[in-house]
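Student: Could you have a look at this structure, given as structure tokens, before my questions?
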Amino acid sequence: MLEVKHLSYEVVSEGKQSEILHDVSFSVADGEMLVITGPNGGGKSTLAKLLAGINHPTSGHVFLNGKEITQMTIDERAKAGIGFAFQQPPRFKGMTVRRFLNLAAGRNLTEEECCGLLSSVGLCAMEYIDREVDATLSGGEVKRIEIATVLAKEHDLCIFDEPEAGIDLWSFSMLVKRFEQIHKEKKAAMILISHQERIIRMADRIMVISGGQVESMGAAKEIMPQLFGEEIATCACRQQKGGNLCETE
């Protein structure tokens, strides 16, 4: 179980303090899927980095399975059971996909296991297993490979920052099925940061972050009308005025 209590984060730029997140509190139960959404620049990716240990909060506390991990490094959190996939994954010249998966798993995977992981994210395994994770790969390919590394090991909590970014529709459908499978099996709690409606509709609970604060949070059936009801109403209003913007938005 993840517990986040009164988390705040500030940065200093040109001598001025700016608060990126303010007093964020929530929890994620074992096996639960929480989707975090909200406008761009609202603090979603910053929160993900704080949970993964990439950055450390200005104030507040983070607990995993009852143990405080607030000051743990990203390596220590990985060992404690947190998996993380970046919104924009790094590249590693000289690192093959096979070795990347082995490092993520903490052991030497069989070729069959590597192929299964790559296939689960929409990649033809034999075309990628011995390629380097470098600039020769597209952004979408690197994204899918990184998601495969998170799936290579069992975690207590998996965090995916906009997993749909840069991925084609066919591969995205495969990812959604994989997320649904993990959720059904309750193998790990999941936090997915997303604007994609199909992912949002998978959630047990939804948290909306705007302006660095939790704007709303609750069961999916409670929050969904807030997210999509206004959008439908706006489109209907525009159609009444003679516009036809719904098809292009």
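Values quoted throughout were computed directly from the atomic coordinates according to the rules given, and no laboratory measurement underlies them. What you are looking at is a predicted structure, and each value in this text was computed from that prediction instead of being measured. Backbone-built Cβ (ideal geometry, glycine too); neighbour counts: all protein chains shown.
Student: So how strong a dipole does region 2-222 carry about its Cα centre when Lys and Arg Cβ are +1 and Asp and Glu Cβ are -1, to the nearest 20 debye?
Tutor: Value, rounded to 20: 180 debye.
Student: Taking the chain as a Gaussian network, where each spring joins two C-alpha atoms under 10 Å apart, which residue of 16, 221, 153 fluctuates the most?
Tutor: Fluctuation is largest for 16.
Student: Based on the Cβ-Cβ distance of residue 187 and residue 10, what FRET efficiency does E = 1/(1 + (r/R0)^6) give at R0 = 41 Å, to the nearest 0.05?
Tutor: After rounding to 0.05, the efficiency reads 0.70.
Student: Only Cα pairs within less than 10 Å get springs; with that Gaussian network setup on the chain, which residue of 33, 95, 72 has the largest fluctuation?
Tutor: It is 95.
Student: On to the next question. Exceeding 29 Å between C-alpha atoms, which entries from my cross-link table qualify? They are 5/93; 177/221; 79/177.
Tutor: 5/93
Student: So if R0 is 30 Å, what FRET efficiency would residue 27 and residue 103 give, r being the distance between their Cβ atoms, rounded to the nearest 0.05?
Tutor: 0.45
Student: Which value does Rg/Rh take for the chain over its C-alpha atoms, Rh per Kirkwood?
Tutor: Result for the chain is an Rg/Rh of 0.99.
Student: Would you mind counting up the charge near residue 194? Only other residues with Cβ under 12 Å from its Cβ, with Lys and Arg at +1 and Asp and Glu at -1.
Tutor: The answer is -1.
Student: Net charge within 11 Å of residue 172 by Cβ-Cβ distance, Lys/Arg positive one each and Asp/Glu negative one each, not counting residue 172 itself?
Tutor: With Lys, Arg at +1 and Asp, Glu at -1, the neighbours total +3.
Student: What's the extension gain from residue 92 to residue 153 if we count 0.36 nm per residue and subtract their Cα-Cα distance?
Tutor: Net length gain for the segment: 20.0 nm.
Student: Also, quick follow-up: Would you work out which of 60, 21, 94 lies farthest towards the positive end of the dipole of the chain? Charges go on Cβ: Lys and Arg +1, Asp and Glu -1.
Tutor: After comparing all options, I get 94.
Student: Give me the net charge of residue 80's neighbourhood, meaning all other residues with Cβ under 14 Å from the Cβ of residue 80; Lys, Arg count +1, Asp, Glu -1.
Tutor: -2
Student: Rank 146, 32, 197 by mean-square fluctuation in a GNM of the chain with C-alpha springs under 10 angstrom and give only the top-ranked residue.
Tutor: Result for the chain, Cα springs under 10 Å: 197 fluctuates most.
Student: Now for a separate question. Go ahead and estimate [θ] at 222 nm for the chain from helices alone: -39,500 (n - 2.57) per DSSP H run with n ≥ 4, summed, over the residue count, rounded to 500.
Tutor: One gets -10000 deg cm²/dmol as the mean residue ellipticity at 222 nm.
Student: Can you classify region 3-134 as rounded, prolate or oblate using the Cα gyration tensor, where a ≥ b ≥ c are the square roots of its eigenvalues, rounded means a/c under 1.5, and otherwise it's prolate if a/b beats b/c and oblate if not?
Tutor: Taking the square roots of the gyration eigenvalues as a ≥ b ≥ c, region 3-134 is prolate.
Student: Based on the alpha-carbon gyration tensor of region 85-155 and its eigenvalue square roots a ≥ b ≥ c, which shape applies: rounded if a/c is under 1.5, prolate if not and a/b is larger than b/c, or oblate?
Tutor: Rounded.
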